[in-house]
Amino acid sequence: MMASDLQERNRPDAAERVGEGVSRFPVTGMTCAACARRIEKVLNRRVGVRSANVNFATGEATVRYDPDQVDGATIAGVVEDAGYGVVRSAPAVPPGSGAASDDRADGAETIEESEVVEKAHAAEFRDTLRRFLVAAVLSLPVLVLAMSHGRIDFPGMNGVQFLLTAPVVLYAGAPIYRAALAAFRHRAADMNTLISLGTGTAFLYSTVATLFPFLFVPAVPPTRGAPHSAMPMSDSVPVYFEAAAVIIALVLLGRLLESRARGQTGEAIRKLIGLRAKTARVLRDGRETDVPIAQVLVGDIVLVRPGEKIATDGVVVEGRTTVDESMLTGESLPVEKTVGADVFGATMNRTGAIRFRATRVGGDTVLAQIVRLVKEAQGHRAPIARLADVISGVFTPVVLGIAVVTFLVWLLLGPAENRFTFALMNFVAVLIIACPCALGLATPTAILVGTGRGAELGVLIKGGASLERAHQVRTVVLDKTGTITEGRPVVTDLVSVGDIGEEELLRLIASAERGSEHPLGEAIVRAAGERGLSLAEGTDFQATPGRGIKANIEGRTILLGNERWMERHGVRFERWESAIRALAEAGKTPMYVASDGVPAGWIAVADPVRPGVVAALSGLRRMGIEVVMFTGDHPSTAAAVAKTVGITQFRAEMLPEMKAEEIRRLRTEGKVVAMVGDGINDAPALALADVGMAIGTGTDIAMETADITLVRGDLRGVVTAIALSRATMRTIRWNLFQAFVYNALGIPLAAGLFYPWTGWLLSPVIASLAMSLSSVSVVTNSLRLRGFRPPVA
């Protein structure tokens, strides 16, 4: 199967991408997770829209649609009709419009889109800041007048409060009321509805009480000698302008703090984007030319000097250097690069000047793919988020009902001297304290930070569902070749027993294997090359599959193969049988060497264990996770490798379909299974596992085949992924607990449930402050994940 075919087969949305347009754009004006859900519902009802995902945490919408029925501009218009803003500088992607379109559909311009999003949200933050400053400056004197409790009193005081509060409500609070109106038009209710009803009720009541006081205070019969027209002064009617003004100011303050905190949750993406080079030095028409990074083309020869960033992905064609690839792998040690080595954009060239041929540009680069995967992961909801969505969906109508019941009960049973105002303030307090902001932020902010932190550690998690499933894993299945081992055989032992020295023996057998495509032969030739040996041309070459080879090298007849090959040619190795058998028992592949019919020695080749495997397996065991090894190798080789790394359970001589069947069997036993493989031969098993983890260099197919990609190619990433998932889920549960407890305790207190026995009541102003701080506390708790450290370094 071709890699590209497998890539499409394993991509979750491969079928959907055929004839499909993709539109990604920032959405402004969202104030809670309910806003994101409402936009999704409106978009999904639109004919031609196949799927819509709106991420409140990142402020972006991703819409997949049928271009024959709808276009990107129409989709943006639907969002605007719903009462929200759209930044249109990130255009839609029509299908089949060339490379740019294809790239973009795969996230080619994800980096540019991220910059657009940053600018849009910065502008929205500045607008909120202006409105908050107006609200804070004007509400402060209103609060002072209200809290003076008669110590400050003058004619027209209520009128002054009205004049100060009106701009707060009409200007500073305008976005809140517009959002509530938009929700009402779509027969929905959210936190804006609750805030608008609460502050609007307090403001309207106080305004009417100020302008028409006689509606609330009956005329007092004139006493003897007093003018018959005597009426109470307007200031004798209690008003609650401070509730409306201060609540709006506190809500805006909460949104500012929340926005700033949410901005920090995307720090990982911004750090990755900030790493890319801005220009590249390319060789065109025999001259070195500095061009913007966007103008680099596939096939360009790019020059990089020491201390410069590598502009894009490519292959070294000249020079030698070391490269800091920590941005890609998290590994701090520099990697040596010579001719033929791959280099990646945004990594830092350290010691030497090199030239490389650009092989990937724009959205095909590893950096762009990482940014795209992280952003998509942050936009996907984890299953646990559905609980919060369901609760939030019914929460607001229930709260409205509780608020109305509270008002009616206290209107009937409240203190006789101020029943109406007593009922009104409890009504407002219930509406404000019950805003489900914290509930809506509990899950997306933790996923945002968790997946971003994972990217920094070289663990790319494809979505919230993958992140959630990983914490449940109790069995990890490891493919041997390319996962536990390097996947590339190397010469481990070379023994000479005749009159030929070791290096000469290696030169002869490497000459015999020259041009071989067999992995073992390639390992021998590579070992000779590493020692700088000059190979000779062979003649009379013969090869028998599964046995060995025969060739004439510089007048010597060289035999290289297994024991049966030697027996066939009458060469005996009985004297050294125990030493050679020990190599096989250690998981190595010994090959006998004879020269002119006489034993000359033996050479052993093995696939070495990857660095960090033993530490990773130890970490998994400490986490209570069962480890099983799958391999297609002979049982004796499998047993040797398993013993070396400390694995007690393994299955040998397994074909790809047998691996998939075994994964299915483990799952039927009730085990939550993670499969770790190279993303190509293990594709069926990766697809069947609860969590598929591709181990590789973060390029091409490895990033598309599994739920989680371990960019470092290090099994310690498995431990990191599971530990990060567990930490993220703990954070989400604590966030949800905070949000539930906050509302469970706050609503009864605000409704005055404890008032008859304790005299406790909750001021609407205090309720507003508590509501804002609860949201900030949830985001702050999620931000703690930025300090996550892998349990195995």
Put +1 on the Cβ of each Lys and Arg and -1 on the Cβ of each Asp and Glu in segment 412-498; which of Ala429, Val459, Leu448 then has its Cα farthest toward the positive end of the dipole? Ala429
If I stretch the segment between Arg581 and Val614 completely, what's the gain in nm (0.36 nm per residue apart, minus their alpha carbon distance), one decimal? 9.4 nm
Using a 10 Å cut-off on Cβ atoms, rank the peptides 250-256, 282-288, 613-619, 714-720 from the highest mean neighbour count down. 714-720, 250-256, 613-619, 282-288
Let's test the formula: R0 of 56 Å, r as the Cβ-Cβ distance of Arg622 and Glu657. What FRET efficiency results, to the nearest 0.05? 0.95
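Accessible area, 1.4 Å probe, largest first: how do Glu522, Glu537 sort?
Numbers: Glu522 80, Glu537 135 Å².
If we order Glu522, Glu537 from most to least accessible, we get Glu537, Glu522.
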Any chance you could look up the accessible area of Thr731 with a 1.4 Å probe, heavy atoms only, rounded to 10 Å²? 10 Å²
With r defined as the distance between the Cβ atoms of Thr544 and Arg50 and R0 fixed at 51 Å, what FRET efficiency is calculated, to the nearest 0.05? 0.35
With every protein chain present, what accessible area does Ser259 have (1.4 Å probe, heavy atoms only), rounded to the nearest 10 Å²? 40 Å²
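Would you please give the FRET efficiency between Arg178 and Leu745, computed as 1/(1 + (r/R0)^6) with r the Cβ-Cβ distance and R0 = 30 Å, to the nearest 0.05?
0.45
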Once label points are set 7 Å from the Cα along Cα→Cβ at both Arg284 and His569, what is their separation, rounded to one decimal in nm? 5.8 nm
Could you report the accessible area of Val371 in Å², rounded to 10, computed with a 1.4 Å probe on the protein chains as they sit in the structure? 0 Å²
Equivalent ellipsoid dimensions for segment 561-684 as semi-axes, Å, which come from the Cα gyration tensor, largest first: 37, 17, 11
What area, in nm² and to one decimal, does the C-alpha convex hull of segment 710-793 cast on average over all directions? 6.9 nm²
How high is the relative contact order of segment 519-604, given as a whole-number percent (alpha carbon pairs under 8 Å, six or more residues apart)? 21 percent
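The values are calculated or read from the model by the stated rules, or taken from the named source; none is laboratory data. Since the model is a prediction, treat every value here as computed from it, not as a measurement. Quick reminder, even Gly has a Cβ in these numbers, built from the backbone with ideal geometry, and neighbours come from all protein chains shown. Surface areas here come from the heavy atoms of the whole protein model, side chains and all, with no ligands, DNA or RNA. Shrake-Rupley method; radii C 1.70, N 1.55, O 1.52, S 1.80 Å.
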